[in-house]
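The values are calculated or read from the model by the stated rules, or taken from the named source; none is laboratory data. Since the structure is predicted, the reported quantities are computational estimates derived from the model, not experimental observations. Cβ placement follows ideal geometry from the backbone for every residue including glycine, while neighbour counts extend to all protein chains displayed.
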Amino acid sequence: MQNFAILATFLVLSGQSLVAQIGTGQLPPPTLGQPQPMNEYPPRVPIFQPGTTMPVVPLENAPPTPTWVDAPVVGEPADNAVHWQKSNCQPTTGLWGSLRFIYGFAEGLGNGIDRDQLLGGTTDIGYWLGPDRSEGLLLTLTGVRNIEEALIPGIGFVSSPLTVVTADPQYLTQLGTLDRTRVYGLIGGRFGWITESAKTTAAASYTQRKALNIIYAGEMGILTDWNFGPYGAGFLFKVGVGHNDRSWTTNGVRVTDSGLIYIPEVGFRTSYGLGDGVRCSLGINFQYYSEMARPDELIANSLWLATFSVGVEWRF
């Protein structure tokens, strides 16, 4: 009986203390019919983003992050982040690429052949090694061709095709960011197959000359990627240095040679987002090849290419 008396006294004193705290406002009054959550976290209050009136859902209550959303460039204003993500969405696989049509010009031959109608295409196949796009692999394949025919006084009728095929495997690593621009360093190589011939037909003679260049070169350079909303731009500069196996063939007689070759290249492109993961692009590119075999002379000469491109880019 004594224990029951002590328990009853404790309950009475506790109830009086609770009523006193509610009366002074130290505790909210209980709501009938609704159990109060214990130790609720996060609190059920709206969290507002600075400078806006739109509440942000707490992280614990937010839906899973879509795999097709990439983080904006460091320093990009929040009002541009959504547009940047939509126009540059990157899946966790990191696969991306492009396909472009090429029209351009090339250095002519000393016999009067001008090369002003280069036609071809180029494609990029890339893979980012992580979702932050700081490292990646890139393979660029390019093929262009030109056929010039002309009746040259004192020489005869000349038909001269030119074919350029190159493959550039490269490794990209991010060197830093500046505003909305990522700057990458690249290192890789170039494998090239360039052939050019000149068939000359005169009144009483026929001459066929063919020049072949097989190139193995290492490359280093920089690549930039700028984005603002649906707009994008990029700059490319790289230099290749390597070995060129040259040969000249005149009416079946072949002469071979080899030597050092250097290949500077510079390019610029702009793009506009058409939708999630798809862009249209315009670009310009200039390449210079030193110490090339060309069919007009049996000595090494230079060759430059200036091209314009239009195409699409995509990110899977």
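Within region 116-162, the set of residues being acidic (Asp, Glu) and assigned to a strand (DSSP E or B) comprises Asp116, Asp124, Glu135, Glu148, Glu149.
Can you confirm whether Thr224 is free of Cβ contacts under 8 Å to residues at least 60 places away in the same chain, part of a strand (DSSP E or B) and within 21 Å of Leu137 (Cβ to Cβ)?
Spelling it out, Thr224 is indeed free of Cβ contacts under 8 Å to residues at least 60 places away in the same chain, part of a strand (DSSP E or B) and within 21 Å of Leu137 (Cβ to Cβ).
May I ask you to list the residues in region 115-144 that are among the charged types (D, E, K, R), surrounded by 14 or more Cβ atoms within 10 Å (Cβ to Cβ) and either under 18 Å from Leu99 (Cβ atoms) or more than 13 Å from the chain's Cα centre (by Cα) (or both)? Once the filter is applied, which keeps residues that are among the charged types (D, E, K, R), surrounded by 14 or more Cβ atoms within 10 Å (Cβ to Cβ) and either under 18 Å from Leu99 (Cβ atoms) or more than 13 Å from the chain's Cα centre (by Cα) (or both), region 115-144 yields Arg115, Asp124.
Filter region 147-170 down to the residues that are under 28 Å from the mean Cα position of the chain (by Cα) and polar (S, T, N, Q), then identify the one that is surrounded by the fewest Cβ atoms within 10 Å (Cβ to Cβ). Spell out the reasoning first.
Step one: filter region 147-170 for residues under 28 Å from the mean Cα position of the chain (by Cα), giving 163-170.
If we keep only those that are polar (S, T, N, Q) too, we end up with 163, 166, 170.
Numbers: Thr163: 15, Thr166: 20, Gln170: 22.
Only one residue fits best here, namely Thr163.
With respect to (1) over 24 Å from Thr166 (Cα atoms); (2) modelled with pLDDT of 85 or more, the lone exception for Asn80 is condition (2). Identify the residue in region 227-247 that is free of Cβ contacts under 8 Å to residues at least 40 places away in the same chain and over 25 Å from the mean Cα position of the chain (by Cα) and, among all such residues, is surrounded by the most Cβ atoms within 10 Å (Cβ to Cβ). The selected residue is Asp245. Look at Gly97 and say whether it is at pLDDT 80 or above, crowded, with 18+ Cβ neighbours inside 10 Å and in contact with a Gly (Cβ under 9 Å, 6 or more places away or on another chain). In short, no.
For region 171-197, a residue qualifies if it is more than 17 Å from the chain's Cα centre (by Cα), exposed (fewer than 15 other Cβ atoms within 10 Å of the Cβ) and in a strand (DSSP E or B), and the qualifying residues are Phe191, Trp193.
Of the residues examined, Ser302 is not one that is in contact (Cβ under 8 Å) with a residue 12 or more places away in the chain, surrounded by 14 or more Cβ atoms within 10 Å (Cβ to Cβ), of a type in the set (Ser, Thr, Tyr) and in a strand (DSSP E or B). Against the numbered list (1) closer than 28 Å to Arg315 by Cα; (2) buried (at least 16 other Cβ atoms within 10 Å of the Cβ), Leu212 comes up short only at (1).
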